[in-house]
1. Name the residue, out of Asp240, Asp195, that is at pLDDT 95 or above, among the acidic types (Asp, Glu) and within 25 Å of Tyr179 (Cα to Cα).
2. What are the residues in the range 185-225 that are farther than 30 Å from Thr91 by Cβ, charged (D, E, K, R) and in contact (Cβ under 8 Å) with a residue 24 or more places away in the chain, if any?
3. Could you look through the range 138-196, keep only residues that are part of a loop (DSSP other than H, G, I, E, B) and basic (Lys, Arg), and pick out the one that is farthest from Met395 (Cα to Cα)?
4. What about Lys370, is it farther than 27 Å from Arg185 by Cα, under 23 Å from the mean Cα position of the chain (by Cα) and surrounded by 15 or more Cβ atoms within 10 Å (Cβ to Cβ)?
5. Can you tell me which of (1) without any contact (Cβ under 8 Å) to a residue 12 or more places away in the chain; (2) closer than 19 Å to Val110 by Cα is the one Lys391 doesn't meet?
6. Quick check on this structure: which one of Thr258, Thr304, Thr300 is β-branched (Val, Ile, Thr), within 18 Å of Ser348 (Cβ to Cβ) and at pLDDT 95 or above?
7. Could you grab the pairs with beta carbons closer than 8 Å, sequence gap of 6+ or different chains, first residue in the range 34-47 and within 13 Å of Gly83 (Cα to Cα), second one of a type in the set (Lys, Arg)?
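The values are calculated or read from the model by the stated rules, or taken from the named source; none is laboratory data. Quick caveat, the model's predicted, so the values are computed rather than measured. No Cβ is skipped: glycine too gets one built from the backbone with ideal geometry, and neighbour counts run over all protein chains shown.
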Amino acid sequence: MKKYTSLMVVATLGATLPLSGHVFAQDSTLKEVQNAISKGDTDISMRYRYERVDQDSIDKTANASTLLTRLTYKSADLNGFYGVFEVDNITAIGNENYNSTVNGNTVYPVVADPTLTEVNLAFVGYKTGGFDLSFGRQRINHNDQRFVGGVAWRQNEQTYDAYRVQYADEGKFKFDYSYVYNVNRIFGPDSPNADLQGNIHLLNVNYNLDKTHKLTAYAYELDFDTALAISTRTVGASYDGNVGDIKLHAAYAVQSDTGNNPNNFSTQYVALELGTKVSAVNVGIGYESLGSDNGVGFTTPLATLHKFQGFADKFLNTPGVGVNDLYVKASGKIGKVNLTAVYHQLDSDVGSIDYGNELNLIATYPVADKVSLLLKYANYSADGFAVDTNKFWSMVNFKF
């Protein structure tokens, strides 16, 4: 505030004093801008990943070896203003023996990691009190990313061109509203599916009752210009907290058509998960239902979908008869190795169709202070939906 007051005084004097005073004000402002830029933070990170996909419907096996290199710059504060700029490069290591969705290698299964160099983030922000205002290309992640997220698992992250207002009140109350006019999807700028444009309103409100109980309410108006069939209005709420030794997550939402969606429907979303610790192992059981109405399933096109309904990604597009996911999971540590296992039983919301089941396994290991290793496996066994699929990942993260 002291710098801001001084700058205002200098600017006022510059408007009333001779030209030399005006030049002094300009020089002072320029110096502060230069300082904000020169004192900013620059980070470099790299993520190498090998992904193997063996899918029954395709003879060839995908082998994707890719490297993500990310350069991030954030300026120092200038009277509350700041800027963020981030560039990503994704390079294939060796032959592109996979279908990136834009490389033309359709004889292979899809691994949606196109090679590219692009601006991932570019926005200006302003912080004052509990408010944080931002404009430009930015990340937007709400809660567990079930409805709005960045799909950061993929090498090319999903980002949002948006005007955003956030407010936080001493850690209890959080308000987050964004008007998004374009979604930069994971498929890269060369893809016909690169963008989702429209009038998109994202509202998320959190209130912490205390340290162990949180309520969330949200409303999402997705009125897309061309993706009319997924233009939806979603309103819902969730609870996260601890009841004794039980960790609880519960959510409910309703969704209907909006904008120029040619379909007429109103359907529901329900989620419930219970978890606890048994000895040194965290165990949990959960149920998630994306309902159906008039042959249309509940959709979440802006979600980080890879986190839900199995890592094999068979339900990125909700079937018209919906999908129910009953799952159990366990996690723990052996030395420094973190281990997680999840089993999914998947069926339809309408018509009692047994889709199949999926087993997911994860192991992570901190190799060094800024180096980590991840191994991951997914086995989808099809019954009434899609085909048998096996996926394996090995990934190394570096931060500098």
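1. Asp195
2. If we filter the range 185-225 for residues that are farther than 30 Å from Thr91 by Cβ, which is where we start, we get 198-225.
Filter again for charged (D, E, K, R), leaving 210-211, 214, 221, 223, 225.
Lys214, Glu221, Asp223, Asp225, listed by residue number.
3. Taking the range 138-196 and keeping what is part of a loop (DSSP other than H, G, I, E, B), we get 139-158, 170-172, 185-194.
Okay, now just the ones that are also basic (Lys, Arg), so 139, 146, 154, 172, 185.
On the way: Arg139: 22, Arg146: 24, Arg154: 12, Lys172: 36, Arg185: 22 Å.
Among them, the one singled out is Lys172.
4. No; evaluated as a whole, the condition is false for this residue.
5. Just one mismatch for Lys391, condition (1).
6. Details: Thr258 fails: within 18 Å of Ser348 (Cβ to Cβ); Thr304 fails: within 18 Å of Ser348 (Cβ to Cβ).
Residue meeting the stated conditions: Thr300.
7. Matching pairs, first to second residue: Gly40/Lys74; Asp41/Lys74.
Residues are listed down the side, and each one gets a yes or a no for (1) over 24 Å from the mean Cα position of the chain (by Cα); (2) over 24 Å from Val183 (Cα atoms); (3) modelled with pLDDT of 95 or more:
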residue	(1), (2), (3)
Val23	yes, yes, no
Gln55	yes, yes, yes
Asn63	yes, yes, yes
Leu68	no, no, yes
Ile90	no, no, yes
Ile93	yes, yes, yes
Val102	no, no, yes
Val107	yes, yes, yes
Pro114	no, no, yes
